[in-house]
Every structure is written in structure tokens, then in C-alpha cells.
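The values are calculated or read from the model by the stated rules, or taken from the named source; none is laboratory data. The structure displayed is predicted, hence computed values, not measured ones. Every residue, glycine as well, gets a Cβ built from its backbone with ideal geometry; the counts of neighbours run over all protein chains shown. The protein model used for the area step is the full one, side chains on, heavy atoms only, and it has no ligands, DNA or RNA in it. Shrake-Rupley method; radii C 1.70, N 1.55, O 1.52, S 1.80 Å.
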Amino acid sequence: MGLKFRCERDVLAKALADAGRAVTTRGGALPVLAGVRLELTGDQLTITGSDLDLTISVTVEVAGAEDGVAVLPSKLASDVVRSVRAGAVDITVEDDDARIEASPSEFAIRLIPADEFPQLSSPDGDAVTLDAAAFKAAIEQVEKAASSDDARPILTGVLMAAEEGGLRLVSTDSYRLSVRDLAGSSVLSEGQKVLVPSRALKELARVVGDEESITLRLGERDAGFEVGSVSVTTRLIEGEFPSYRGLIPTNHPNQLTVDRTTLLDAVRRVRLLAQESTPVRMAMSADGLELVAVTQDVGQAHEAVEEAVYKGDDLTVAFNPEYLIDGIEVAPGDEITLETVDELKPALLKSAEDPNFLYLLMPVRVS
Amino acid sequence: MSQAGRPPDGTLGFVHVDMDAFFAAVELRRRPELRGQPVVVGGTGDRGVVAAASYEARLFGIHSAMPSTRARRLCPHAVFLPGDHAHYGEVSAAVMAILRDVTPLVEPLSLDEAFLDVRGALHGEDRAAAIAAEIRARVLAEQRLTCSVGVATNKFLAKLATERAKPKASPSGPVFGSGVHVVPVGAELDFLHPMPVRELWGVGPATAKRLSSMGIETVGDLAAQPVRRLEKGIGKAAGAHLHALANARDDRPVVTDQELKSIGHEETFARDLCTHEDLRPQLMRMADAVAARLRAGSVLGRTVTIKVRFADFSTITRSVTVPEPLDGARAIGIEAEALLRRLDPTPGVRLLGVSLSQLVDGSVRQLTLDEARGPSWSEADSVVDEIREKFGSSAIGPAALASKGEGIRRFEVGQQQWGPDRAPASGSD
């Protein structure tokens, strides 16, 4: 088992880094998973990293000399290749070592036995195609509302469901909920829904680059995304996503309309005085919107937000500033609306122009 | 997290509890043969001082902090006992635990004295008085010790009220006090002004003498003085301070002495319980009591612990930590019951306890979307709190108790009001 090739440093370094993002950082589990698998067939080099839940494979064109398979320690290989001088890098596997040569440097890195690397199957469902840019934007609009708490596995996923001939993405960490509709992307059959780990979608969004399309294959237990030379395969999360339809209020007596970046800048400023988990208060009246933050023993901030238009009863609602900012940041368009019922009911943040995005946010109760 | 109550706001709810002749009473409890005799606890050597004197001993003029040699001269036939501080500490902890059952806002001043802020558990004037009476009754029932309780709109007045409630020494033996004295809202000055100035905190013999030379004998005289004159006469800080007190102003909140680590409730049963069916209603009642206290103290807890003591006195605890902090009776009950279900009660359970730890501030709380689903359990809890506020703590309780003859009458509650049972957090459509 030889394996010998030459590759441009920057191409190889990027491929190792991308595949390495799936490599487990939790030590211990299975030592071989700290490695990336390199497989050369002709001039095609495929680098794969996996933590068994998420697998990322990157295929790059190299000058192949000898086909073969080898597993290298991911972080070390990546660090070495990134550190050498720009230009060609030669990799040769001999016995138990991988030799990495890039004049004037020469490294020999001990291999991890390749036969221990798990057999990773790819989902065998029919391939469907998604618009890469639109899907990437949709992921970025919902991934923040997904939970990062492993104690609640279902909430760490993004629900992908067929909805009225399109594709709907939904995520929630139980404090807020994002819903994004991709009209016309009928990649799932009607009624079909899968729960995809948000981490996998985040990695996918990262590698989209200038590619135009993403190919999706769904299996029983996993989903595979291919974009350009990268494939991202992920286990699906089993379990029932919380019902969310009933949560979205249909009747809002109060509506605030405001320029998105104006509000975003104002909340970012006022947030500086909302420390130690104190909220930012939005005081809404016929005069418009005032933001207030008060942290005991630290200080306070006030800002009257320019050109905010409010229709409804005078109302003050308190929000976690981070959650509020997350929603304002990802809402599409220049103008947003915030619809409220009262200070304890979920507030609905929408784009004034684009009906395909909703961000539902629970207030902070101050007693 | 540290705990401080709100400053006074004019409502009745500051409670001062003072044990009656504490060390002496504790000694009499374990030496009942000494009852009726003058008993003095403290240093028995030549340099010792009196730590406590029974009311019979006080009749001879003995009081705490007096040199023991002088006490002996005043009453040679008194029984002098050395102090057993380790034991008093244990008894004190048990009394403080009773107080913390009422509210987490307990500020111990010493082993035998504490302030409570019960406004969170309130209710109006009658309730504050009722809580004071409950405290006395529980301390007597559980510790066989008496205490006196003052209730007022701030700490300073509550402490003075306690003095009114105290037993007094008299030639024919101790005269029991009222036990509880309430200074009603609006009656603060009527209560305060006839008192001699010496009654005020911070007025020692020297200050009293100086005030007297200024023609000030009663608290009312003091209140009528311009602050300037007082400041000139007895110093700036003391003058302003006494003037505020004389006008019944004291804005100090109740501050707990320690970080509040857990809130719990436990009970020993009259007979050992051997089945889950018998234990469940008890557990639900305790979950309800703990939840009410969490809400009264504006805290939530993430870790639910149950404590089980079996007939042979072996004791175990089991706990679970949940992602979302809890203050609801139902949610705490569900977690506690899941823990209990894993235990075998057949050897007989004599004591059961439920407590919540990993407490977080509940005054600012990120709401969850689950709370937006129809009428929520937290709304039900606040209705329960309101009902209890109006009608007392036994007016409403968990349905699990209804069939168990716990004194709760059962009504059929409409689905509309309470909503149907639903699966927790991650339920389905």
C-alpha cells in the first residue's frame, strides 16, 4: 500500500482543514477518528474526516504517482501542510510513516492503521438538487435558533419538511423559533420531514463557496449533501420535533415597523448596558420605540430609535439582547416588523418584504 | 446566589422572631426537673458572664451579659449551668429551618433571633399575623420551645413589637406575653411615640442622658425635634439615624446570612408508608409546598432531590438535573415521582423530602415557547398563589391529595380552565 502524490500546498491545506472539521474533538472515543483518511485513485485524492455522526469528504485533483489509502493524524497533518513554504508538497507513504516534503522541509508522521477507520456508507436515496446560494442563506437564517445543548438532542436539529410544494426549515432552542420557506424547492415528497443536525448544515453552508447547486440524498438514517468537491454526510436525529404551528400567533394587536440596520445598531449599543443576563426593554408607543437597558450597579442605556412606526397599545417588552440581535441579523430585507400581543407572549419578527421568514421570540419576564 | 429582600414598601410583612430565654429554655427542655427554678446559663467561673437566664432568675435581677459572680450574689440558690454551645447551635439550626420553611428570606441575627420578610408569601394584614402565629405554633410543637414574634412594616418596628410580645418576670413567676404583637399599617407612630427613647436601637445610657438634658424623654419628643438640633446635640450620624427611627423610617431589607443553596420540605410520617400509592400524594404535597416557596422567593431550581428514610433509619437521596429551571408544582412533582418510582418502598418509608437546588434568580426569566402553548401550568401556579393569598394555604392543593382524605374537597374542574394533560417539552404535534 504505497500512496504517493504531489499537490499544491494551498489546495491540500484547504482540503485537510475542511475534512478535519468533522474530526472528533472529544478525545478518547475511537483513536482512529482523530485521523483523516486519504485515498488516491489515479489523480483523484479523497480526504475524509468523521466523528461517526458527521462525515466530511473532500476530493481534489493531484498529480498521482501510486494509488493507495492511509490515515494521518488530522490536526498534525493539517498543521504541517499549512506551515510549509508555498508551492508543491510531496506526500509518500512508506511502511508506518507518511513523508511530507516541501523543500527545504521534510516531515515523517506516524500513520494510524487504516483498517481501523470505520466503513462509512453514503445514503442511497434519489438525488435531488437544491439552489446552493438560496439553501445556504436559509441555513444561516435558521441555524442560530437551534439549540447547542446536547442534553436536548432533538432541538439541536433543523427540521426540513415538505410544505406546500416547497421546502421549509424550522429550528428552535425553546426560547425562539426560526421558520424559513424555500418556495418551489420540492426536494422532499409531500408530508416527508427529516431532522438534520444543525452542526452539519453549518458545515455545509461553510463549504458552499461559489457553487451553484447542492445535491441531496436522503437515506433511512442519514442524509448526504454534495457541493462541488465536498460531500457532507450526517446522521439524522431521531424523534419528534416539537409542534410549532400553534405557537405562531395569528392575531397581533401591535405592530412595530423599523429599518433593520437602524434597529440592529441601536440594540447592539444598548446591549452594552444589559449585563448579567438583564434584558433589553423595548418600550413601544405612538411616539415610536425606545430601547432601555439597566444593569444594577453598572449603569443604564436609553435610545429612541429613529423612524420607528408603532401601531397598537403602549407596551414594554423585555428580550434577551442576543436572541433579539440574532433575529434582526438574519431577517431578509431592509425593513422589519415586530408583532406583539403582550409582554409575556411570543413576539413575531418578520421581514416587511419577504413573507418566507419568521422569527418567533419569547420575552424575558421581569418581576 | 445571595439573597436580599426588597426594601420596606409600607406593607406589613417584616417579622422578627426571638426565642424566649433560649439557652435556659433549651437546658430546661432536657432537664425538666429544673422547671420553675431560677436557671442561669453561662460561664460558671469567676470571670464568666451570664449567657441566658430563665424568667424565674430574671426576677432576681439577673440578665444576660452580667458577670456570673454578681448573678450568684443576687440569687445564690439559682442553678448555674455551663453553656453547651454545640447543642444550642443544633437547636438553633432546627428553628431556623422552620423559619426558612415560611420564606427563604430569613436573616438570622444570632442563634436565637431572626428577621423574616414574608411579603412574598402574602396576603394582607391578617395573613402576616397568621404567619407569625403559625411560626410560634410550629416552633412549640416541633422544638418544645417558645418564641415571641413581632410583625410590622419594617425591621426596626418588628423588633420593638417583639418586646411587647415577650413574657415578663414577675414576683409570682413568669407572666406569658401575647406571643405575637402586630403593629398595624398606619399605627406605627402611635406604637412608637409613647416609648422612652432608651427603647430605640443605638440609644445607650450616655445618649439617653444627653437627650434628657435636651428635654427629650420619649420617642415622640425625639420625632418632633428638627434634625439639625439632634445632630448638634448627639452627633451628625446618630442624630439623623435616631430621627429617622423616631419617625418609623427604616429602609433596610432582610438580607439572608448565607448563599441560598436549596429549598426543601421534608416530613416524617405518623406511620411508615410501604407503597408508591401511599407515597405519591405525600410527594405531590411536598412538591407543591416547595414550588410555592420557590415562587415566594423568586427563585427557580435546576436540581430536584428526593430524600427517603426507611423504617431502619437508612437514608438515601436521589436527584436529577433538568435543563430548564423549575418553580412549578407539577413539573417538580413529575421529576420527584420519577426518582421515587425507582426505589422500592416495601421496607417502609418513615420520612420523605423534596428539595430544589442549583437555584437561579427568578425575577428575570427567559420565558420558553412551551409557556406560550395555551393555558400553561405556570399560569395555573400563579392562580394557586393568588387563591392561597386570599384564602390561606390549605384552600387549594394538588388533586393527588383529593381522594386521600387530606381535607381537600374535590371539585370537577372543566377542561377549559386547566387544559388537558399534555406531554412535556418535546411532545408531538
### Summary
Taking region B:1-49 and keeping only residues that are among the acidic types (Asp, Glu) and not in a strand (DSSP E or B), one is left with B:ASP9, B:ASP20, B:GLU27, B:GLU33, B:ASP46
#### Entry: Condition check for A:GLU226: of a type in the set (D, E, K, R) and buried (at least 19 other Cβ atoms within 10 Å of the Cβ)
yes
### Message
Out of everything in region A:293-344 that is touching a Pro at 6+ places or on another chain (Cβ under 7 Å) and away from chain B (no Cβ under 14 Å), what residue ends up being least open to solvent (accessible area, probe 1.4 Å)?
### Response
A:GLY312
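A quick yes/no check of all residues on (1) more than 29 Å from A:ASP210 (Cβ to Cβ); (2) not in a loop (DSSP other than H, G, I, E, B):
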| residue | (1), (2) |
| --- | --- |
| A:ASP79 | no, yes |
| A:ILE91 | no, yes |
| A:ALA98 | yes, yes |
| A:GLU106 | yes, yes |
| A:SER122 | no, no |
| A:ALA133 | no, yes |
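Given the residues B:ILE131, B:ILE98, B:ILE135, which is the only one that is touching a helix residue (DSSP H, G or I) at 6+ places or on another chain (Cβ under 8 Å) and over 21 Å from B:ALA25 (Cβ atoms)? Give the derivation first.
Working: B:ILE98 fails: over 21 Å from B:ALA25 (Cβ atoms); B:ILE135 fails: over 21 Å from B:ALA25 (Cβ atoms).
Being touching a helix residue (DSSP H, G or I) at 6+ places or on another chain (Cβ under 8 Å) and over 21 Å from B:ALA25 (Cβ atoms) holds for just one of B:ILE131, B:ILE98, B:ILE135, which is B:ILE131.
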### Query
Within region A:345-367, can you find the residues that are more than 24 Å from the chain's Cα centre (by Cα), in contact (Cβ under 8 Å) with a residue 40 or more places away in the chain and either more than 14 Å from chain B (Cβ to nearest Cβ) or buried (at least 21 other Cβ atoms within 10 Å of the Cβ) (or both)?
A:PRO346, A:ALA352, A:PRO363, A:VAL364
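For the condition under 22 Å from B:SER170 (Cα atoms), open to solvent by less than 40 Å² (accessible area, probe 1.4 Å), aliphatic (A, V, I, L, M) and in contact with a Lys or Arg (Cβ under 7 Å, 6 or more places away or on another chain), what is the one hit in B:LEU34, B:LEU28?
Going through B:LEU34, B:LEU28 in turn, the sole match is B:LEU28.
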### Qualifying residue in region A:277-288 (condition: modelled with pLDDT of 95 or more, closer than 27 Å to A:ALA134 by Cβ, among the β-branched types (Val, Ile, Thr) and assigned to a strand (DSSP E or B))
no
### Message
Please go through region A:64-82 and give me each residue that is touching a strand residue (DSSP E or B) at 6+ places or on another chain (Cβ under 9 Å), without any contact (Cβ under 8 Å) to a residue 60 or more places away in the chain and surrounded by fewer than 23 Cβ atoms within 10 Å (Cβ to Cβ), ordered by number.
### Response
A:PRO73, A:LEU76, A:VAL80
## Note on the structure
Selection from region A:273-292 of residues on the phi > 0 side of the Ramachandran plot and within 14 Å of chain B (Cβ to nearest Cβ) yields A:GLU276, A:SER277
### Query
With respect to A:VAL36, is the statement that it is open to solvent by less than 30 Å² (accessible area, probe 1.4 Å), under 19 Å from A:VAL227 (Cα atoms) and in contact with a Leu (Cβ under 7 Å, 6 or more places away or on another chain) true?
no
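Matching residues to (1) in contact (Cβ under 8 Å) with a residue 60 or more places away in the chain; (2) open to solvent by 20 Å² or more (accessible area, probe 1.4 Å); (3) not assigned by TED's automatic domain parsing to the domain that holds B:ARG280; (4) not hydroxyl-bearing (Ser, Thr, Tyr):
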{"position": "B:GLY328", "(1), (2), (3), (4)": "no, no, no, yes"}
{"position": "B:LEU343", "(1), (2), (3), (4)": "no, yes, no, yes"}
{"position": "B:LEU351", "(1), (2), (3), (4)": "yes, no, no, yes"}
{"position": "B:VAL354", "(1), (2), (3), (4)": "yes, no, no, yes"}
{"position": "B:VAL360", "(1), (2), (3), (4)": "yes, yes, no, yes"}
{"position": "B:SER363", "(1), (2), (3), (4)": "yes, yes, no, no"}
{"position": "B:LEU367", "(1), (2), (3), (4)": "no, no, no, yes"}
{"position": "B:ASP370", "(1), (2), (3), (4)": "no, yes, no, yes"}
{"position": "B:VAL383", "(1), (2), (3), (4)": "no, yes, no, yes"}
### Task
For A:ASP115, state whether it is assigned to a loop (DSSP other than H, G, I, E, B) and either surrounded by fewer than 18 Cβ atoms within 10 Å (Cβ to Cβ) or touching a His at 6+ places or on another chain (Cβ under 7 Å) (or both).
no
### Summary
Note on region B:213-248: residues under 27 Å from the mean Cα position of the chain (by Cα) and touching a residue at least 12 places away in the same chain (Cβ under 8 Å) are B:LEU245, B:ALA246, B:ASN247, B:ALA248
### Query
Restricting region B:1-37 to residues that are of a type in the set (Asp, Glu) and in contact (Cβ under 8 Å) with a residue 40 or more places away in the chain, which is nearest to B:LYS159 (Cα to Cα)?
B:ASP18
### Summary
Apart from one, (1) open to solvent by 50 Å² or more (accessible area, probe 1.4 Å); (2) touching a Phe, Trp or Tyr at 6+ places or on another chain (Cβ under 9 Å) all hold for B:GLN282; the odd one out is (1)
### Task
Tell me the strands (runs of 3 or more DSSP E) entirely within region B:111-221 that contain at least 2 residues that are touching an Asp or Glu at 6+ places or on another chain (Cβ under 7 Å), within 27 Å of B:GLY10 (Cα to Cα) and open to solvent by less than 30 Å² (accessible area, probe 1.4 Å).
B:113-117, B:147-152
### Message
Going through B:LEU294, B:LEU300 one at a time, which residue ends up being within 14 Å of chain A (Cβ to nearest Cβ), within 28 Å of A:PRO242 (Cβ to Cβ), within 23 Å of the chain's Cα centre (by Cα) and assigned to a strand (DSSP E or B)?
### Response
B:LEU300
### Message
Among (1) in a strand (DSSP E or B); (2) open to solvent by 40 Å² or more (accessible area, probe 1.4 Å); (3) more than 29 Å from B:SER110 (Cβ to Cβ), there is one condition B:THR268 misses while meeting the rest; what is its number?
### Response
(3)
### Summary
Taking region A:229-272 and keeping only residues that are part of a loop (DSSP other than H, G, I, E, B), open to solvent by less than 40 Å² (accessible area, probe 1.4 Å) and away from chain B (no Cβ under 14 Å), one is left with A:LEU236
#### Entry: Residues being surrounded by fewer than 19 Cβ atoms within 10 Å (Cβ to Cβ) and not acidic (Asp, Glu) - total across region A:93-110
8
### Message
Anything in region A:146-169 that is touching a helix residue (DSSP H, G or I) at 6+ places or on another chain (Cβ under 7 Å) and crowded, with 17+ Cβ neighbours inside 10 Å? List them, or say none.
### Response
A:ALA146, A:SER147, A:THR156, A:GLY157, A:VAL158, A:LEU169
### Query
Can you tell me which residue in region A:140-172 is farthest from the other protein chains (Cβ to nearest Cβ), limited to those that are farther than 23 Å from A:LEU130 by Cα and in a helix (DSSP H, G or I)?
A:PRO153
